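The structure under discussion appears below in the form of structure tokens.
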Amino acid sequence: MQLPIRAVAGSLIVGVAACLAPACGGGGTAALTRLLEARRLASEMHVEFIQASEASNRAVMATSEDTSASAVAEAKRARDLVDRNIAALKPLLESLGYRDDLRYLDGFTTRFEEYERLDEDILSLAVEGTNVKAQRLSFGPAQQAADAFRKALEAAASHATRNKDRVDALAGNARAAVLEIQVIHAPHIAEPDDTVMTRMEEQMAACATAARNALKELQAALPPNARPQLVAAKDALDRFLAINAEIVSLSRRNSNVRSLALLFGRTRVVAAECADQLRALEQALAKHEFSATR
């Protein structure tokens, strides 16, 4: 709906200029036409800036790669339109001799250049989506491998002919170790501090060692006919730990957490300053309307 609205607005401005033309001299008509065009460009620029900012927000908050990529593309398109309007508006204001208006445009341009630099970093991080990818691995493949590990352990433990209590305890310890690693996934994915993440990873490593040691003891405690289930358990544990390493790597990248921090940090301040300059520019342009039609 945005493009048709702009087209209608543009037609109305042209119509107003055409209606006022007979009442003005040639120079006045040209000045009025430039003023109306300047007002149109400033208004569109404000809309486009809001769209760029809103699309960046959606890119950061997106829960799927496709949604994030689409929002990133939309944000960049809107930013490009803002740049084009700046380039078109500046010579118009210069030709009209509107110093205050130029000052507001220059103020916006300077801030928008900083906004673009910050936004580019945000969008690059958002499209990576490493925290979201880590979360999906945790809830999907990692959970599946953990379930396979648990089932294989239960099947192996069922073959116990002696020391059943010890076998059950060892199997329980192995399952608990894997479960503890799974529990650490969520806080690790959400954690922005590298030092805290390192401590969590050390805890994961200790759990992995505990699970492997429990499996080795089970091999010694169980009869030979439990071997297929123990092999299956070892394979499932290996898959789980490999996926866990990938989760940690993605979580360490922290692209979603970092993009969110950027979005609500300096970028938020610069975006507010951009909006202030645009409002001041539109208000300044509105004041010239009647003087241009005399």
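Just a few scattered comments:
- A simple charge model with +1 on the Cβ of Lys and Arg, -1 on the Cβ of Asp and Glu and nothing else charged puts the dipole of the range 130-255 at about 400 debye relative to its Cα centre.
- At q = 0.18 Å⁻¹ the log10 of I(q)/I(0) for the range 92-195 amounts to -0.95, computed by Debye summation with a single uniform scatterer per C-alpha, solvent ignored.
- Contact order, relative form, for the chain: 29 percent (alpha carbon pairs under 8 Å, 6 or more residues apart, mean separation divided by residue count).
- For the range 160-214, the spread of Cα positions along each principal axis, largest first, Å: 49, 16, 10
- Local net charge near D119, Cβ-Cβ under 10 Å (Lys/Arg +1, Asp/Glu -1): -1
- Charged neighbours of R166, selected by a Cβ distance under 14 Å, balance to 0 (K, R count +1; D, E count -1).
- Size descriptor, Kirkwood hydrodynamic radius, that averages inverse alpha-carbon separations across the chain, Å: 23.7
- Phi-based couplings in Hz for the range 201-214 (Karplus 6.51, -1.76, 1.60; Gly and Pro marked x): 5, 5, 5, 4, 4, 5, 5, 4, 4, 4, 5, 5, 5, 5
- Positive-end ranking of I189, F240, A214 along the dipole of the range 153-248, with charges on Cβ about the Cα centre, is headed by A214.
- Normalised convex hull volume, the range 120-259, alpha-carbon set, Å³ per residue: 77
- Furthest towards positive pole of dipole, A157, L32, A205, structure part the chain, Cβ charges: A157
- Per-peptide average of other Cβ atoms within 10 Å, ordering 141-148, 39-46 highest first: 39-46, 141-148
- Among 267-277, 53-63, the order from most to least packed when residues are scored by Cβ within 10 Å on average: 53-63, 267-277
- Here the dipole of the chain is about 560 debye; that uses its Cα centre as origin and unit charges on the Cβ of Lys and Arg (positive) and Asp and Glu (negative).
- Highest mean first, the peptides 223-234, 111-122 sorted by other C-beta atoms within 10 Å per residue fall in the order 111-122, 223-234.
- Residue among L263, L179, L281 with the largest mean-square fluctuation in a Gaussian network model of the chain, springs linking Cα atoms under 10 Å: L179
- With 21 Å as the limit on Cα-Cα distance, the pairs of K151/K216; K151/K234; K90/K287; K76/K287 that go past it are K76/K287.
Rule-based calculations on the coordinates, nothing more; no lab input. Quick caveat: nothing in here was measured; it's all calculated off a predicted structure. Methodologically, a virtual Cβ is constructed for each residue, glycine included, from the backbone with ideal geometry; neighbour enumeration extends over all protein chains shown.
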